[in-house]
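In what follows, a structure is listed as structure tokens, so that the remarks can point back to it.
Every number here is computed from the coordinates shown, using simple stated rules; none is lab data. Every value quoted in this text rests on a predicted model; they were computed, and no experiment measured them. Cβ atoms come from the backbone with ideal geometry, glycine included; neighbour counts cover every protein chain shown.
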Amino acid sequence: MEGLWLVVLVIFVMALSVESQLKTGFYSSSCPKAEAIVRSTVESYFKKDPTIAAGLLRLHFHDCFVQGCDGSVLIAGSSAERNALPNLGLRGFEVIDDAKSQIEASCPGVVSCADILALAARDAVDLSDGPSWSVPTGRRDGRVSLSSQVSNLPSPLDSIAVQKQKFADKGLDDQDLVTLVGAHTLGQTHCQFIRYRLYNFTATGNADPTINQSFLSKLRALCPKNGDGTKPVPLDKDSQTEFDTSFFKNVRDGNGVLESDQRLWDDAATRDVVKKYAGTIRGLLGLRFDIEFSQAMVKMSSIDVKTGTNGEIRKVCSKFN
């Protein structure tokens, strides 16, 4: 009987381990100004360019999906993660570097780059009229960053089955998938990533039939067949710098910009979540989405974290100690 209790206890402790490794206010005594410094840094960049919010959110997401949330995406170098093809459009590195140098001046060798990134993503959403939440901290920085490991990052070309699998591999369910993709209420893509949907979908010479016809005309005007591939296209046609639920209404109405976003409507399980957020009453003022996005972000930012004696606390975010 004693052995059985021990097994139950071990399982219970393992289930708690990730949550207990990170804790809110981890730096409250070792570096009490850390969170305020990150906040003021993000705010100063945001005032000059509100689109930086989407960049910081994406940076954190891309970090967590490769090697876990360990700041590995911040490492500079030809073979590092940030030089892999899916990461070439990432931005916001200078915001993290700036916050890090200020924190190092205040309390050297204490706060990880991985935590600064998690805090910056939260502040970016908050500044964009989105929710705020308590970020559990205590992550340490990883010592590996390889461009060859980014294949498990979600891609705009992924089918719904592939999207679900990639999220499930990280311990995230269908609800988390739709909720986190809702971050596309902020930010933009480029014509080169959607042109195939407008002119030659599945090599048919036609447009993707799931695109709303009037929206198709607008997208074609924005992205002519042989036009500039780097031209930006808002991921949320209605409010690309405001954190709200219009992204889900767009998906419902056939106005999703990325193929992977529009596919959320094709699957019964993900469609139900889209409907929930796009509804007029239940999605009232986006309150439900705000609450569930906050919860999903805490869950995502706990993926494979390094704590305790694992990893290091980098002195400079772009290079290993």
Query - Cβ charges +1 (Lys, Arg) and -1 (Asp, Glu), total dipole of the chain, debye - result: 520
Query - Environment charge at residue 236 (Cβ cut-off 11 Å; Lys +1, Arg +1, Asp -1, Glu -1) - result: -2
Query - Reachable lysines, given that their alpha-carbon falls under 16 Å from the alpha-carbon of residue 315 and they are not under 8 places away in the same chain - result: 100
Query raised in the report: Which whole-number percent gives the relative contact order of the chain, counting Cα pairs below 8 Å spaced six or more residues apart?
Result: 25
Query raised in the report: How large is the helix-only mean residue ellipticity at 222 nm for the chain, computed as the sum of -39500 (n - 2.57) over DSSP H runs with n ≥ 4, divided by its residue count, in deg cm²/dmol to the nearest 500?
Result: -13500 deg cm²/dmol
Requested in this report: Can you check how the C-alpha radius of gyration of the stretch 58-121 compares to 2.2 N^0.38 Å, as a plain ratio?
Outcome: 1.09
Report task. Jot down the per residue volume, in cubic angstrom and as a whole number, of the convex hull over the alpha-carbon atoms of the stretch 160-301. Result -> 112
Query raised in the report: What order do you get for 224-233, 172-181 when each peptide is scored by the mean count of other beta carbon atoms within 10 Å, highest first?
Result: 172-181, 224-233
Query - Nitroxide proxy distance, nm - points 7 Å out along Cα→Cβ at residue 190 and residue 24 - result: 4.0
Query - Modelled label reach - residue 43, point 7 Å along Cα→Cβ, the stretch 116-139 residues with backbone N closer than 13 Å - result: 123-124, 126-128
Report task. Note the angle between two axes, namely the Cα long axis of helix 2-21 and the longest principal axis of the Cα atoms of the chain, as a number of degrees from 0 to 90, rounded to the nearest 10. Result -> 70
Report task. Enter the mean projected area of the convex hull around the alpha-carbon atoms of the chain, in nm², rounded to one decimal. Result -> 18.9
Requested in this report: Give the angle, between 0 and 90 degrees and rounded to the nearest 10, that separates the Cα long axis of helix 213-222 from the longest principal axis of the Cα atoms of the chain.
Outcome: 70
Report summary line: Longest principal axis of the chain (C-alpha) makes with the long axis of helix 287-300 (C-alpha) an angle, in degrees to the nearest 10, of 50
**Report entry** Principal axes of the stretch 28-137: Cα extent on each, largest first, Å
**Finding:** 38, 32, 23
Query - Positive-pole candidate from 216, 257, 279, dipole of the stretch 160-301, charges at beta carbon - result: 216
Query raised in the report: Given a cut-off of under 8 Å on Cα pairs at least six residues apart, what relative contact order in percent is computed for the stretch 160-301?
Result: 29
Query raised in the report: So for the pair residue 239, residue 202, with labels modelled 7 Å out along Cα→Cβ, what separation do we get in nm?
Result: 3.5
**Report entry** Sorted peptide list for 197-205, 297-305, criterion being average Cβ within 10 angstrom, highest first
**Finding:** 297-305, 197-205
